[in-house]
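Let me begin by presenting the structure, written as structure tokens, before commenting on it.
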Amino acid sequence: QDAQRTQRQVGWYADDMRRRLARQRAIEDGLWFARDGSGLSLVYQPKIDIRAGKVIGVEALLRWQHPELGRVSPAEFIPLAERTRAIFPIGEWLTRTALNQKSAWQRHGQDISMSINVSPQQLGAENDGPCVLETLIRECRRLDLRHERLEVEITEGLLSNDTVMGQVRQIAKAGFGIAVDDFGREHSALSLLVDCPATTLKIDKSFVDNVVENERQLAIVHFIVDLARRLGMETVVEGIEHLNQLVALADAGCDYGQGYFYYRPLDPDQILELRHGH
Ligand code: C2E
Ligand code: MG
Ligand code: MG
Ligand code: MG
């Protein structure tokens, strides 16, 4: 009887594995067609000055409608796009689209600062695709956008890579802002911050989740904010969902916040309405 049960479990595993592989395959195939932007769109999540309660900028976030699977989360498809190198054309598309949007807002009289997320591959040595810095400079010139109002978000894990760090320095030197994304999610090597030209530290959502219940968690947030201040960096807290979290984070001295408590990622016209409301 035990043998029978084991047999059944092995069968389930195999089914589950097949399903997952089939989905992965469908996503990878679909990404091929997304190269020119088909099915892709961008939403924009406001970033708020915690003390002033004002929207100070937005982060562009990618959305994708797969031809058969429907909406697929970036958390699922970005890693696959990175592996299949589809991230190069997609990254190029999103940079152009985001900057076009920024320029459109500007024509409506709204100079909104913006951050875009960049994958490690896009900054790596084996990069045979379009260079992020070149695209940024070219599009800013074409659209007459100021570099200082744009920021590139990079996850902290990448900063240990010399090639990536070199690219990051050049982007910073060209006058663009640099944000370290998801700070504290993985094992943070603080020494990486010594030579990092980043202007912003984005404190990961995992610190926010139980910041109210857990004093030790809150102590770490205080420490990060103090560290950032000493390094001349600003702090953004990600994933604020409740008022009591906001209160604790404001008390810890965090500068800016993002999260469902304020706004979910929005469509471009909603961003305009929001700004006109101010
Ligand atoms: P991220 O850059 O750290 O973006 C924050 C994620 O948290 C976004 O998920 C956002 O919608 C979500 N979020 C914001 N506030 C809250 C909240 O209060 N509660 C919860 N539960 N979630 C919140 P999203 O859009 O699904 O993106 C996931 C990740 O995918 C991003 O994390 C980023 O690493 C990556 N990603 C998204 N767009 C792009 C892109 O254009 N390029 C690249 N390379 N990566 C992207
Ligand atoms: Mg980000
Ligand atoms: Mg993040
Ligand atoms: Mg992230």
Top-ranked residue of the range 114-123 - restricted to ones that are touching a residue at least 60 places away in the same chain (Cβ under 8 Å) and open to solvent by less than 30 Å² (accessible area, probe 1.4 Å), ranked as farthest from GLU153 (Cα to Cα): MET114
Within the range 139-163, take every residue that is among the charged types (D, E, K, R) and open to solvent by less than 60 Å² (accessible area, probe 1.4 Å) and give me the one that is farthest from CYS196 (Cα to Cα). GLU139
Can you spot a residue in the range 190-197 that is under 15 Å from GLU151 (Cβ atoms), away from ligand 3 (no atom under 16 Å from the Cβ) and either open to solvent by 20 Å² or more (accessible area, probe 1.4 Å) or of a type outside the set (Lys, Arg) (or both)? yes
Those residues that are within 14 Å of ligand 4 (Cβ to nearest atom) and closer than 15 Å to VAL194 by Cα, I need them from the range 164-183; list them, please. ALA179, VAL180, PHE183
Does the range 229-239 contain at least one residue that is open to solvent by less than 50 Å² (accessible area, probe 1.4 Å) and away from ligand 3 (no atom under 16 Å from the Cβ)? no
Starting from the range 82-103, keep only residues that are among the aromatic types (Phe, Trp, Tyr), then list their pairs with residues that are at pLDDT 95 or above whose Cβ atoms are within a distance under 8 Å, requiring at least 6 positions of separation or different chains. TRP93/LEU40
Check every one of the strands (runs of 3 or more DSSP E) wholly within the range 1-106 and list those with 1 or more residues that are open to solvent by 70 Å² or more (accessible area, probe 1.4 Å). 54-66, 70-72
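The values are calculated or read from the model by the stated rules, or taken from the named source; none is laboratory data. Computed from a predicted structure; not experimentally measured. Heads up, the Cβs are rebuilt from the backbone with ideal geometry, glycines too, and the neighbour counts pull from every protein chain shown. Calculation scope for accessible area: heavy atoms of the full protein, side chains included, ligands and nucleic acids excluded. Shrake-Rupley method; radii C 1.70, N 1.55, O 1.52, S 1.80 Å.
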